[in-house]
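A short worksheet on the structure shown next.
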Amino acid sequence: MNRRLGVLISGRGSNLQALVDAIRDGRLDAVIAVVISNRPDAAGLQIARRAGIETLCLDHRTAASRDDHERAVARELRARDVGLVCLAGYMRLIGAPLLEAFPQAILNIHPSLLPSFPGMNAQRQALEYGVKVAGATVHFVTEELDGGPIVVQRVVPVLDGDTDATVSARILVEEHRAYPEAVRLVLSGGWRVEGRRVVRTAGDAPVSGRPLPGGN
Ligand code: GRF
């Protein structure tokens with residue numbers, strides 16, 4: 001698979017940083033071709049610039065329509081020969097223009113164990129619900145919000161004294177592990193989607209590089 005990534009952000013960019021670090025450390029064989037933000041003030045743009053990655057700001061507020069904005073994003077990604085799009089705190093719903101330009105080639109990271117707690121403030125939703133475990137999910141993006149096939153999930157405990165901030169911080173540590181791991185699996189090509197399930201195809205190395213229990 002084409003190993004050129006396009007990362008879309010709207011804010012802080014810590015998951016972008018995790019991808020940059022994984023590539024730099026040789027844990028992920030990929031190139032970030034471009035980072036696109038829909039917000040000019042996104043802190044993640046600085047992360048990209050520091051890493052020497054091309055940045056673009058395509059402000060959705062200046063586009064004629066939602067579709068127009070997305071078409072512009074898709075055009076810039078295609079112009080840079082991007083093979084896999086990574087949403088990393090990108091606060092826009094994804095519609096037909098991007099889904100059609102990148103079929104089964106857009107990933108998102110969400111701070112909950114989907115299908116629990118889709119949408120905004122997932123960590124707070126989980127805490128208020130009273131769950132005992134929370135976590136992070138990397139999934140393929142489909143037209144359904146936070147609803148596509150799951151690539152990687154990682155779990156954290158929810159402790160009695162937790163606040164939104166403490167549980168979010170614990171989940172974030174796992175997000176930063178999960179995203180490079182998921183990108184690595186997807187780029188390896190050793191998977192297929194069966195129904196809703198992303199399954200590894202025979203002979204592919206486990207994502208972690210370690211044998212799975214049961215000798216899979
Ligand atoms: C993360 O919690 C991610 O799961 C969610 O938005 C947040 C983005 O954080 N989709 P960052 O910009 O990557 O630091």
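The values are calculated or read from the model by the stated rules, or taken from the named source; none is laboratory data. This one's a predicted model, so the numbers in the text were calculated from it and none came from an experiment. For neighbour counting, all protein chains shown are included, and Cβ atoms are generated from backbone atoms with ideal geometry for every residue, glycine included.
For the range 181-209, the tally of residues that are surrounded by fewer than 16 Cβ atoms within 10 Å (Cβ to Cβ), among the hydrophobic types (A, V, I, L, M, F, W, C) and modelled with pLDDT under 95 stands at 2. Just the residues that are loosely packed, with under 14 Cβ neighbours inside 10 Å and either part of a helix (DSSP H, G or I) or within 15 Å of the ligand (Cβ to nearest atom) (or both), please, taken from the range 70-84. Matches in the range 70-84: 75, 78, 79.
Among what's in the range 138-165 and is in a loop (DSSP other than H, G, I, E, B) and touching a strand residue (DSSP E or B) at 6+ places or on another chain (Cβ under 7 Å), pick the residue that is farthest from residue 87 (Cα to Cα). Steps first, answer last, please.
First, pick out the residues of the range 138-165 that are in a loop (DSSP other than H, G, I, E, B): 141-149, 158-163.
Narrowing the set further to residues that are touching a strand residue (DSSP E or B) at 6+ places or on another chain (Cβ under 7 Å) leaves 141, 146, 148-149, 158.
Numbers: 141: 9, 146: 11, 148: 13, 149: 15, 158: 26 Å.
Looking at the filtered set, the residue picked out is 158.
A search for C-beta distances below 9 Å between a residue of the range 1-24 that is modelled with pLDDT of 95 or more and among the basic types (Lys, Arg) and any residue that is within 7 Å of the ligand (Cβ to nearest atom) and part of a loop (DSSP other than H, G, I, E, B), counting only pairs 6+ apart in sequence or on different chains, returns 12/89. Just the residues that are within 12 Å of the ligand (Cβ to nearest atom) and either β-branched (Val, Ile, Thr) or part of a strand (DSSP E or B) (or both), please, taken from the range 1-50. Result: 7, 8, 9, 20, 35, 37, 47. Checking each residue of the range 52-69 against the condition of being within 16 Å of the ligand (Cβ to nearest atom) and either closer than 20 Å to residue 182 by Cβ or touching a residue at least 24 places away in the same chain (Cβ under 8 Å) (or both) gives at least one match. Among the residues that make up the range 115-134, is at least one of them closer than 30 Å to residue 78 by Cβ, hydrophobic (A, V, I, L, M, F, W, C) and crowded, with 17+ Cβ neighbours inside 10 Å? Scanning the range 115-134, I find no residue that is closer than 30 Å to residue 78 by Cβ, hydrophobic (A, V, I, L, M, F, W, C) and crowded, with 17+ Cβ neighbours inside 10 Å, so the answer is no.
Restricted to the range 112-137, and to residues that are within 10 Å of residue 153 (Cα to Cα) and assigned to a loop (DSSP other than H, G, I, E, B), which residue is nearest to the ligand (Cβ to nearest atom)? Checking each candidate, the answer is 112. Among the residues of the range 138-155, those that are aliphatic (A, V, I, L, M) and touching a helix residue (DSSP H, G or I) at 6+ places or on another chain (Cβ under 6 Å) comprise 138, 151, 152.
Any chance you could count how many residues in the range 152-172 are among the aliphatic types (A, V, I, L, M) and surrounded by 14 or more Cβ atoms within 10 Å (Cβ to Cβ)?
Looking only at that region, the number is 6.
Residues that are under 30 Å from residue 129 (Cβ atoms) and not basic (Lys, Arg) occur at least once in the range 75-87.
Could you tell me whether the range 156-165 includes any residue that is in contact with a helix residue (DSSP H, G or I) (Cβ under 7 Å, 6 or more places away or on another chain), away from the ligand (no atom under 14 Å from the Cβ) and more than 22 Å from residue 22 (Cβ to Cβ)? Yes, because at least one residue in the range 156-165 is in contact with a helix residue (DSSP H, G or I) (Cβ under 7 Å, 6 or more places away or on another chain), away from the ligand (no atom under 14 Å from the Cβ) and more than 22 Å from residue 22 (Cβ to Cβ).
The single condition from (1) within 17 Å of residue 140 (Cβ to Cβ); (2) of a type in the set (Val, Ile, Thr); (3) without any contact (Cβ under 8 Å) to a residue 12 or more places away in the chain that residue 82 fails is (3).
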